[in-house]
Amino acid sequence: MMSQKFNPSRWAVEHPQLIGFLMIISVIAGGWQFINLGRAEDPNFTLKSMTISAQWAGASPDALQAQIINPLEQELRGIDFLDTLSTYCNQSFCVTQVSLNDNAPKEQVPQIWQKVRNKVADVSPTLPEGGTLSVNDDFADVYGYTFALTGPEVSSLSPIAKKIKTGFQRIPDVAKVQIIGEIPATFNIDIDPVRLKNVSMGLAQFSEAIQQHSLIASGGMLDFGIDMPIDVSGAVYNQESIEQITLPSKSGNLHVKDIATVSRGYIDPPSSIVRYHGKPALIIAVAMAKDGDGLTLGKKLNTELDKINSELPTGLKFVQVEDQSKVIKEAVNTFLLKFFFALLVVLVVAFGTLGFRSGMVVAFSVPLTLSFVALYMKISGIGLERISLGALILSLGLLVDDAIISIEAMIVQLSNGASREDAASYAWEHTAFPMLTGTLITIISFLPVGIAKSTTGEYAGEIFWVSAAALLCSWVVAVIFIPLLGVWFLPQPQNTLENTPSLETKSILALRKILEWVVVRKKTVCAVTLTLLVMAILGTSLVNQQFFPLSDRPELIVDVALPPGSSLSKTNKIVSDIESKILYLPSLAHIETHIGDGAPRFYLPYIPASPSASHATLLLVAKDLNAREELFKSIKNFANAIPASLHVQRLSLGPTADFPVQYRIIGSNIDKIINISHEIRDILKNTSGTSDVQIDWGNRTLSESFQLDAEKAAHFGSNRISIAQQMQAFLSGEEVGKIFNADNHRSLGPVRA
């Protein structure tokens, strides 16, 4: 006699205590995990670009390109999955952006970046003297919580900002804290050239004398049973000690104060300027730790914000500009609201069509299934954000399908006179595998998104994984737990099929007539179906197409680009004029201005601009979405009156580019490339639907050449380097050392003649 095949549905009914215990534990554990899942605005995706900075004081862009960038690019061309190397050069400074192909596997990206760092290290020893390379490791960090500290002047803000930074770093889930907009403090030494000449001392000799007092030097160690370090006095540590530095001269020893004036100050001009609502400011940006909870971090930062404001000196103001926790809360709550409304509709339909007890069984399948999905999401590191919640909403209507099929099969079997145990086992014997087939077909429809080897696939891939988990869990629930719930809660039918003349209601009779009509007129039905299909395909051409829609965040980004070579002061003047037009608009909540550098990456898809004195970024936060559109129109209205290129953009969901359409012109003749780029720009400007057409190469900048008479320089005992040093000190100042103390260090210089 052959043994019966194993039937999980019957086995579950025969072990009610165990299955009941598993249900209770699963709901409790899953509910707990659902509450504690990490919450974020969007899923993380790997940024496949990084930046490398090159510096060479005094070098022209051509020299930087030839001596540093070209050797670097030759080394980098061998890295895996390389797409483009884009370099922007200015006087003394270059930035190279390394971009990988979109299909680069995210698992290999960290190893690729390590190879890039190794190649930069290999190139560094071959660079000309004074040339340096540095890799920006923080390029992909997202600083979703930004604060502005404002006051009368930036100099008074730096110590307070550092104290705030230390406080933020103690908060759990904080990964990094960055202070943006600091202007380094200096001691300025202004030399009287007449006195310097009278003591027969050159500028180089003067600088060398000061440098040896600013260096850290060890005097060795003495062994008295303990190691005792020897400190050699004479190091400078404040303004007075600089003034007392002894300078050797032919007429006797002098002090710095005899031929120069020492004063405290700050680097002028600074490398960048930051303002908040038109006032000097420091920006304190906070990045959340990986897998952190944005809502919890937001609450802790708000508590710290209130504490800081209660302790700030009069005249200083500390406000929050970007609060990712609010965006996360709004995004998650919106999706949860939609989710529960969709769930409510499903349950109302279930109760209305199946009856109260059957509806109760179907209703219980939803939290049970979601509990298993929550456990899966926790194990897989998937949090609650747009994509995962969207996947749950997509799956919701399908979650109850398997449960409804199982419970209806039981109702029919009970009506046929079967026992509750036999009716429960029917769910496995006759419906389990058809249900599984349908479930797998539905899952496969999402498969291309889940296995796509691209940034877009990485961003949207949770649609597949969460949907697949939800549907498979719903099938398991339908064949294991629903049969037991049916045994417990389904009512005993009052009439069996043998005693019931007809179970066909009016609705069933109407459906039967429709089916008969469709079968008889199958050719007509097929023709109508094909016609509707063709019309639907043609109708897609009338729908606006955009892969990722605009974000519902209230920010606007305004990039201001002046001709390359424009000074920071000129950029500052134009940006101040733009600020004056925006500051008092009623739709504006916050305005954060970054001149000479880009805003911090406060949103993962946002790409910060490269540092440049001729560029500025205005981060505008509107009061709401309607206000954002009003702000956008207001800026567009005066954009043409500004003597600079303004690129106004809203944020988008998913991996996007600030310029969605870009053309790349490649060739060896620079003049031809520039001419062609201008021709293309003119064509695009006259094309309907285009705006903010820009060329990233820019225009050629002016430069001045100092023609040195080598014979006369030799006659006066000078040389090219000495003259260049004197001109540098006179025009821009020269840094000659650092002063270190217990608190921090201040640059010693510039030395001005």
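The values are calculated or read from the model by the stated rules, or taken from the named source; none is laboratory data. This structure is a prediction, so every number in the text was calculated from the model and none was measured. Here the Cβ positions follow ideal geometry from the backbone for every residue, glycine too, while neighbour counts run over all protein chains shown. Heavy atoms of the whole protein, side chains included, go into the accessibility calculation; ligands, DNA and RNA do not. Shrake-Rupley method; radii C 1.70, N 1.55, O 1.52, S 1.80 Å.
Quick notes on this structure:
- One decimal place: the segment Lys570-Ala724 gains 52.9 nm when fully extended, by the rule 0.36 nm per residue minus the C-alpha distance.
- Relative contact order, whole percent, for the chain stands at 17, derived from Cα pairs under 8 Å and 6 or more residues apart.
- Simple rule: put +1 on each Lys or Arg Cβ and -1 on each Asp or Glu Cβ in the chain, find the dipole, and look at Leu336, Asn101, Pro270; the Cα lying farthest toward the positive end is Leu336.
- Mean Cα-pair separation over length for the range 380-495, i.e. relative contact order, pairs under 8 Å, 6 or more apart, %: 40
- Loop-located chymotrypsin sites (Phe, Trp or Tyr not before Pro) across the range 206-251 with a Cβ neighbour count of 10 or fewer within 10 Å are Phe224, with loop assigned by DSSP.
- Estimated distance in nm for a label pair at Phe340 and Thr166, the labels positioned 7 Å out from Cα along Cα-to-Cβ: 4.4
- Ignoring lysines fewer than eight residues from Lys633 along the same chain, the ones with Cα atoms less than 20 angstrom from its Cα are Lys581, Lys623, Lys685.
- Aspartates and glutamates whose Cα lies under 12 Å from that of Lys329, excluding same-chain neighbours fewer than 8 positions away: Glu41, Asp42, Asp293, Glu385
- Under the span-like rule (Cα at least 27 Å along the axis, Kyte-Doolittle mean at least 0.0), DSSP H helices of the chain: 16-36, 324-354, 356-380, 386-415, 462-489
- Potential extension, Leu550-Glu153 segment - 0.36 nm per residue separation minus Cα distance: 139.2 nm
- Tensor-based shape of the range 172-238 (alpha-carbon gyration tensor, a/c under 1.5 rounded, otherwise prolate or oblate): oblate
- Using Cβ point charges alone (K and R +1, D and E -1), the dipole size of the chain about the Cα centre works out to roughly 1520 debye.
- Contact order relative to length of the range 36-179, as percent, for alpha carbon pairs under 8 angstrom and 6 or more apart: 27
- Between the C-alpha center of the range 256-298 and that of the range 113-145 there is a gap of 23 Å.
- Among (1) 288; (2) 224; (3) 183, the entry derived from the coordinates for volume of the Cα convex hull per residue in Å³: (1)
- No Cys partner within the rule (Cβ under 4.7 Å), the chain: Cys473, Cys526
- Most positive-pole-ward Cα, Ile283, Val174, Phe632, against dipole of the chain from beta carbon charges: Phe632
- Check: the range 291-430 dipole with +1 on Lys, Arg Cβ and -1 on Asp, Glu Cβ, in debye: 400
- Furthest towards positive pole of dipole, Leu515, Ile578, Met435, structure part the chain, Cβ charges: Leu515
- Solvent-accessible surface of the chain, averaged per residue with a 1.4 angstrom probe and all protein chains in place: 55 square angstrom.
- Our helix-only sum for the chain, with -39,500 (n - 2.57) per DSSP H run of n ≥ 4 divided by its residues, gives a mean residue ellipticity at 222 nm of -15000 deg cm²/dmol.
- Sorting the segments 549-556, 575-582 by their residues' average number of neighbouring beta-carbon atoms within 10 angstrom, most packed first, yields 549-556, 575-582.
- Net charge dipole, the range 1-95: roughly 600 debye, given to the nearest 20, about the Cα centre with Cβ charges of +1 for Lys and Arg and -1 for Asp and Glu.
- Amide hydrogen neighbours beyond the local backbone of Tyr237, cut-off 5 Å, H modeled: Ile242
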